[in-house]
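The values are calculated or read from the model by the stated rules, or taken from the named source; none is laboratory data. These numbers were taken from a predicted model, which means no experiment stands behind them. Positions of Cβ are backbone-derived with ideal geometry, glycine not excepted, and every protein chain shown enters the neighbour counts. Protein only, heavy atoms only, side chains kept; ligands, DNA and RNA dropped before computing areas. Shrake-Rupley method; radii C 1.70, N 1.55, O 1.52, S 1.80 Å.
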Amino acid sequence: MSRLLSRQHLAAVRRSAPFACVSRWLHTPSFATVSPQEVSGSSPAEVQNFVQGSWTASANWNWIVDPLNGDKFIKVAEVQGTEIKPFVESLSKCPKHGLHNPLKAPERYLMYGDISAKAAHMLGQPAVLDFFAKLIQRVSPKSYQQALAEVQVSQKFLENFCGDQVRFLARSFAVPGNHLGQRSNGYRWPYGPVAIITPFNFPLEIPLLQLMGALYMGNKPVLKVDSKVSIVMEQMIRLLHDCGLPAEDMDFINSDGAVMNKLLLEANPKMTLFTGSSRVAEKLAADLKGRVKLEDAGFDWKILGPDVQEVDYVAWVCDQDAYACSGQKCSAQSVLFMHKNWSSSGLLEKMKKLSERRKLEDLTIGPVLTVSQGRSQPFFGGQLTPVTTEAMIEHMNNLLKIRGSKVLFGGEPLANHSIPKIYGAMKPTAVFVPLEEILKSGNFELVTKEIFGPFQVVTEYSEDQLELVLEACERMNAHLTAAVVSNDPLFLQDVLGRSVNGTTYAGIRARTTGAPQNHWFGPAGDPRGAGIGTPEAIKLVWSCHREVIYDVGPVPESWALPSAT
Ligand SMILES: NC(=O)c1ccc[n+]([C@@H]2O[C@H](COP(=O)([O-])OP(=O)(O)OC[C@H]3O[C@@H](n4cnc5c(N)ncnc54)[C@H](O)[C@@H]3O)[C@@H](O)[C@H]2O)c1
């Protein structure tokens with residue numbers, strides 16, 4: 001359905017809708033072609049692709065089921081392997097030097113400042129914030145506050161890059177040369193044709209921030225979002241077009257992983273930003289011969305230091321870090337190392353009580369959406385774990401085989417729900433495993449396996465066991481976020497100085513999650529590691545360094561031909 005037709009359809013629906021429906025549509029923003037409240041099994045929404053300046057369908061519709069009741073409620077026009085040609089051609093139209101760069105079409109930096117200003121203004125309207133928050137809730141169930149925070153972070157990010165801020169991203173430098181007429185200039189240069197692949201858990205924030213970063217620096221991206229949630233970004237692209245985004249500047253594709261993999265191999269983007277599991281990240285790094293930046297798995301740790309204080313606050317942050325968004329933040333607290341001084345503080349009892357406040361009705365706990373890949377997705381090697389209820393229970397039972405381990409709270413499936421079986425439905429769960437056992441080679445892999453759901457491991461250490469805690473952190477593979485909860489400066493210095501996680505919070509209010517637009521967010525310790533959010537992240541991910549050495553003379557009158565060297 002073309003954009004025009006969609007609008008006509010929308011207008012027709014608005015005309016024929018009963019009163020309650022009309023009032024909802026009245027609150028639907030002008031760019032939108034769906035209403036979050038209306039999408040249902042009996043009134044399914046459609047998601048299209050955008051390529052070479054127009055919205056297109058495909059030969060195949062992939063049905064997405066409502067994660068709360070299993071109804072087929074969204075159909076996505078998934079591009080098949082035989083249909084990728086327009087996307088390949090579109091990317092090939094962009095030269096390696098990009099759509100703009102410091103020496104070509106610099107007015108486009110200003111244009112993107114204007115687009116950001118308009119988009120920030122539009123997204124900041126209460127009705128538009130609400131529209132996106134509710135749409136996110138429909139496809140990636142989380143509490144209204146969590147969904148709204150995702151939209152607000154995205155809105156603030158756009159505000160941050162208004163006016164001249166986009167051109168400042170491409171600030172260059174000059175160094176005087178050796179003689180008159182010579183100087184070197186360092187430029188931030190685009191890659192040209194690029195690709196962005198993003199997962200299901202932040203349907204708006206991750207794709208929007210990476211997309212805008214790519215565009216700001218002069219690249220032409222093709223964007224692929226997990227089909228389960230791509231309706232959100234489809235609507236956002238319509239908003240961006242309304243705010244002046246040139247239609248030819250980016251493409252949007254819906255497909256399964258295998259087709260996207262094929263597209264990457266045929267279109268040969270000069271850089272691919274991948275956010276998702278380590279399994280796919282490693283495959284793409286090999287397939288694309290290292291031309292990638294990665295935001296992959298997180299097994300995020302929190303260490304509570306020896307100074308016990310603010311127990312209620314720390315318990316609340318632990319609950320939020322481990323269980324908000326049902327534990328489906330890549331920054332979620334996966335393991336808690338608790339100094340023995342906290343044992344008698346009542347912290348664990350408080351965490352248990354807080355976890356029991358969570359309920360499906362307000363989506364403070366909800367479905368776990370990591371599933372095995374779609375029909376045509378081949379198995380690429382490595383452990384592929386759909387996080388179903390059974391898978392989480394099985395993982396818990398394996399942990400419970402470790403000597404001294406026990407369930408602290410949770411450990412049971414959610415009751416009274418209609419979440420489809422392909423998704424997980426588990427109460428917020430904490431399993432205690434003794435520190436010495438965690439470190440044993442047979443156990444370590446199991447304990448540090450990322451369970452992308454409401455699940456954490458808790459352990460305890462004594463004064464003389466900090467070395468073991470740091471050894472555990474050193475042996476982990478994913479170094480995304482971390483928290484050192486202490487106001488003891490020497491403790492902080494010691495732990496921070498001997499660890500690597502990319503986004504680390506330190507102090508008694510430290511958390512593992514949050515990641516607003518004003519913090520760098522990304523892994524450390526891997527040269528392929530990407531970042532998101534800040535000017536530094538945009539420059540690192542979406543541009544490379546180019547040095548132009550101007551040497552315009554004059555050649556000194558005294559110059560004579562030197563002997564051969
Ligand atoms: N580091 C971060 O910033 C960050 C942020 C969010 C999620 N994550 C991680 O993402 C994972 C959860 O997401 P998921 O299970 O949906 O991840 P996933 O790797 O299965 O999928 C991510 C995206 O990659 C696509 N994809 C899959 N195979 C592909 C292939 N061969 N070629 C190209 N694209 C392919 C998927 O369709 C999806 O759009 C967790 O491990 C989590 O920690 C990391």
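Data overview
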quantity	calculated
Scattering profile of the stretch 131-170 at q = 0.17, 0.24, 0.34 Å⁻¹ [log10 I(q)/I(0), Debye over alpha-carbon scatterers]	-0.52, -0.70, -1.05
Size of electric dipole in the stretch 457-508: Cβ of Lys, Arg +1 and of Asp, Glu -1, about Cα centre, debye, nearest 20	300
Ala59 paired with Ser462, simple spin-label distance in nm, labels 7 Å along Cα-to-beta-carbon	6.9
Selected from Asn518, Tyr505, Gly257, residue furthest toward positive end of dipole (the chain; charges at beta carbon)	Gly257
Accessible area of the chain belonging to carbon and sulfur atoms, whole % at 1.4 Å probe	55
Segment Ile393-Tyr144, extension gain: residue separation times 0.36 nm, minus the distance between their alpha carbons	86.9 nm
Expected-Rg normalisation [2.2 N^0.38 Å, Cα atoms] applied to the chain	1.03
Cα-centred dipole magnitude for the chain, charges only on beta-carbon of K, R (+1) and D, E (-1), debye, nearest 20	1300
Under the Karplus curve 6.51 cos²θ - 1.76 cosθ + 1.60, θ = phi - 60°, whole-Hz ³J(HN,Hα) for the stretch 79-96, x wherever Gly or Pro sits	5, 8, x, 7, 10, 7, 3, x, 6, 5, 4, 4, 5, 5, 6, 9, x, 4
FRET efficiency, Ser42 to Lys421 (Cβ-Cβ, R0 22 Å, nearest 0.05)	0.50
Label point at Ser558 placed 7 Å out along Cα→Cβ; residues across the stretch 161-182 whose backbone nitrogen lies under 19 Å	178-182
Two-site label geometry, Val311 and Asp164: point separation in nm, points 7 Å out along Cα→Cβ	5.4
Length added when fully stretched, Asn268-Leu103, from 0.36 nm per residue minus Cα-Cα	56.9 nm
Förster radius 30 Å - calculated FRET efficiency between Arg357 and Ala127 (Cβ-Cβ, nearest 0.05)	0.50
Exceeding the 18 Å Cα-Cα cut-off - candidates Lys340/Lys440; Lys220/Lys283; Lys329/Lys449; Lys142/Lys449; Lys289/Lys449; Lys96/Lys220	Lys340/Lys440; Lys220/Lys283; Lys142/Lys449; Lys289/Lys449
For the chain, accessible area per residue (1.4 Å probe, heavy atoms of protein chains only), Å²	41
Between the stretch 293-315 and the stretch 66-133, the Cα center-to-center distance that results, in Å	34
